[in-house]
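Participant: Handing you a structure now.
The values are calculated or read from the model by the stated rules, or taken from the named source; none is laboratory data. It should be emphasised that the depicted structure is a prediction, and the values quoted were computed from it without experimental measurement. Don't worry about glycine lacking a Cβ; one is built from the backbone with ideal geometry, like all the others, and counts go over all protein chains shown.
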Amino acid sequence: MNKRNSIEVKNLSRHVNDASGTITILKNLSFSVPSGSSLAITGASGSGKSTLLGLMAGLDVPNSGSVSLMGHDIFTMNEEQRAAVRARHIGFVFQSFQLLPNLTALENVMLPLEMVGHNARKHAEETLDRVGMSSRINHYPRTLSGGEQQRVSLARAFIMEPDILFADEPTGSLDSVNGQKVVDLMFDLKGEHGTTLVLVTHDLGLAERCELQIALSAGEIIK
């Protein structure tokens, strides 16, 4: 793997079979993402964006092709090994926030560090302050607005200082004002940590902020 690339995708294909025959979701995709850069994956609903993101993160397995993350050929690994690569190198931000409802904002952000045995409270407090949530650290997700929940989600993702951040429609559930705040924070944190950012989005304005863009149509790259 080229040391300057965080991600390399080669000849990646995914299809499923149903009663009507074979449905091709992704067809023979190849591209690379340099370390520290940003990539937007765009396309209409059903074009294969989220499937591609899931394969790149090793959350699903392709029918053919390979994905290398930080030098690890993840589809030569079993799921336990892929999970170890994700824990070491990858952060996630989702449209639906994926915060644990019975934990406070602080506890949600502390959790990834606690799971690997680190003393997490001070670092979590500092990270929440960085995303403007220091006054809300003891609030539960149900008492936070969508924009606040997404900022907590960003803090949780970046507290592990991931080499790669995958974001699936990170502003899809937010209004334009809160969406812009979250995007600005995401790119600020990316720059501070040197993180490689890969995001799926319908927002062409957000896509244009990325250094690289891939547009999908019917599972193929059209630009």
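Participant: Do you know which residues across segment 125-154 are among the small types (Gly, Ala, Ser) and farther than 24 Å from Glu169 by Cα? Write out each step before concluding.
Facilitator: Within segment 125-154, the subset among the small types (Gly, Ala, Ser) is 132, 134-135, 145-147, 153.
Hits for segment 125-154 are Ser134, Ser135.
Participant: Output yes when any residue across segment 95-112 is at pLDDT 90 or above, under 27 Å from Gly54 (Cα atoms) and among the small types (Gly, Ala, Ser), and no when none is.
Facilitator: Yes, some residue in segment 95-112 is at pLDDT 90 or above, under 27 Å from Gly54 (Cα atoms) and among the small types (Gly, Ala, Ser).
Participant: In addition: What is the residue count in segment 105-127 for residues that are in contact with a Lys or Arg (Cβ under 7 Å, 6 or more places away or on another chain) and of a type outside the set (A, V, I, L, M)?
Facilitator: 2
Participant: Now a separate question. In segment 121-145, which residue that is within 21 Å of the chain's Cα centre (by Cα), in a helix (DSSP H, G or I) and under 15 Å from Leu185 (Cβ atoms) is modelled with the highest pLDDT?
Facilitator: Leu128
Participant: Every residue in segment 4-20 that is farther than 13 Å from Asp73 by Cα, of a type in the set (Ser, Thr, Tyr) and either touching a residue at least 24 places away in the same chain (Cβ under 8 Å) or in a strand (DSSP E or B) (or both), please.
Facilitator: Ser13
Participant: Shifting gears a bit: Does Leu39 qualify as being aliphatic (A, V, I, L, M), touching a residue at least 40 places away in the same chain (Cβ under 8 Å) and either out of contact with any Phe, Trp or Tyr (no Cβ under 9 Å at 6 or more places or on another chain) or farther than 18 Å from Thr195 by Cα (or both)?
Facilitator: No.
Participant: Now a separate question. Identify all residues within segment 102-147 that are touching a helix residue (DSSP H, G or I) at 6+ places or on another chain (Cβ under 8 Å), in contact (Cβ under 8 Å) with a residue 24 or more places away in the chain and of a type in the set (D, E, K, R); write none if there are none.
Facilitator: Matches in segment 102-147: Arg130, Arg136.
Participant: Here is a follow-up. Residue under question is Phe75, and the condition is that it be modelled with pLDDT of 95 or more, of a type in the set (A, V, I, L, M, F, W, C), within 25 Å of Leu216 (Cα to Cα) and surrounded by fewer than 21 Cβ atoms within 10 Å (Cβ to Cβ); does it hold?
Facilitator: Criteria met by Phe75.
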